[in-house]
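Engineer: Just passing along the structure, written as structure tokens.
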Amino acid sequence: DSQGRGITEITNIGQEPLGYVVEALSWQVIDGEDRYEPTSAFMAVPPNFRLGPGQSRIVRVGFRKPQPQPVERAYRLAVQEVPPETGEAGVALVYRHLLAVFIAPAGGARPQSLEWSLSPGPGDDWRLRVTNTGNRRVSIRDVRVPQGKGEPVSVGSDRWSTVLAQTWRELRVPASLVNRAGVDLEVQYANASVKKVTVIPGTP
């Protein structure tokens, strides 16, 4: 909210009691890769707790200085499961959930602005880069290359789906999908909309 506060609810859907440790992280994309670092920009309460099977707990998030900036700020709330102790022959699988937390940009979000470029990559692949020049994140569900009457070929990636403001991501596109005129793309956004883009090698 405008005071820099929010809540999330965590539920143990398993059959055994679990402990949870909550950590606040800053989220940046540097050279196309996610980078997470511990941050004191906000706090989560409680920072650790325990839930029985089917139990839920509200976790409250509060920013210390929630003043908006021209560009949306991104963070992660890391929720680490802590399983009960197992016997010598036991195996415990634990999950670390990364929940997205954002501070909206001052003055609101500008219209979405993405720039696409294509350049030679390692081997026979090409590098497809998308740069978000806007002030708010863009969420992409998939990037596909149409194949005439055949099914489009997906070159998307789950880890590539969120392009934070003022950052870029890259995908590898097989050379067989690129011709002299470049490559035609069907970009599927998280809101289910689809946009067609033609990217010419060496040009945005």
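The values are calculated or read from the model by the stated rules, or taken from the named source; none is laboratory data. Not measured: the values here are computed from a predicted model. For neighbour counting, all protein chains shown are included, and Cβ atoms are generated from backbone atoms with ideal geometry for every residue, glycine included. Ligands, DNA and RNA are excluded from the accessible area calculation, which covers all protein heavy atoms including side chains. Shrake-Rupley method; radii C 1.70, N 1.55, O 1.52, S 1.80 Å.
Engineer: Among the lysines, select those whose C-alpha is under 17 Å from the C-alpha of Lys149, and discard any that sit fewer than 8 residues away in the same chain.
Structural biologist: Lys196
Engineer: Report the per residue volume, in Å³, of the convex hull enclosing the C-alpha atoms of the chain.
Structural biologist: Enclosed volume per residue, from the Cα hull, is 181 Å³.
Engineer: With only Lys, Arg, Asp and Glu charged, each at its Cβ (+1 for the first two, -1 for the last two), find how big the charge dipole of segment 2-123 is about the Cα centre; round to the nearest 20 debye.
Structural biologist: Rounded to the nearest 20 debye, it is 660 debye.
Engineer: For segment 102-151, what is the accessible area per residue in Å², given a 1.4 Å probe and the full set of protein chains?
Structural biologist: Counting only protein heavy atoms, the per-residue value for segment 102-151 is 56 Å².
Engineer: While we're here: Any chance you could look up the accessible area of Arg127 with a 1.4 Å probe, heavy atoms only, rounded to 10 Å²?
Structural biologist: Roughly 90 Å² of Arg127 is accessible to a 1.4 Å probe.
Engineer: Next up: Where the accessible area of segment 50-112 is counted over protein heavy atoms with a 1.4 Å probe, how much of it, in %, is carbon and sulfur?
Structural biologist: 53
Engineer: In addition: Between Thr131, Thr167, Thr39, where does the largest GNM mean-square fluctuation fall for the chain, given springs only between Cα atoms within less than 10 Å?
Structural biologist: Of the options given, Thr39 has the highest mean-square fluctuation.
Engineer: Cut-off 10 angstrom, C-alpha nodes, Gaussian network model of the chain. Which of Ala109, Ala181, Ala24 fluctuates the most?
Structural biologist: The residue that fluctuates most here is Ala181.
Engineer: Quick one: net charge of Gln166's neighbours, Cβ under 13 Å, K/R +1, D/E -1?
Structural biologist: +3
Engineer: Still on this structure, please answer the following. Quick check: from the Cα gyration tensor, does segment 117-204 come out rounded (a/c under 1.5), prolate or oblate?
Structural biologist: It is oblate, given that a/c is not under 1.5 and a/b is not larger than b/c.
Engineer: Moving on to the next point. Hey, in the GNM for the chain with a 10 angstrom Cα cutoff, which one of Leu77, Leu99, Leu128 fluctuates hardest?
Structural biologist: Leu99
Engineer: Moving to a separate point now. When DSSP assigns beta bridges and you keep just the ones with both residues in segment 98-204, what percent turn out antiparallel, to the nearest 5?
Structural biologist: Here the antiparallel bridges make up roughly 95 percent for segment 98-204.
Engineer: Can you tell me how segment 1-46 classifies by the Cα gyration tensor, rounded, prolate or oblate, using a/c under 1.5 as the rounded cut?
Structural biologist: Oblate.
Engineer: Please work out whether segment 37-135 counts as rounded, prolate or oblate from its C-alpha gyration tensor, where a ≥ b ≥ c are the square roots of the eigenvalues and a/c under 1.5 means rounded, while otherwise a/b larger than b/c means prolate and anything else oblate?
Structural biologist: oblate
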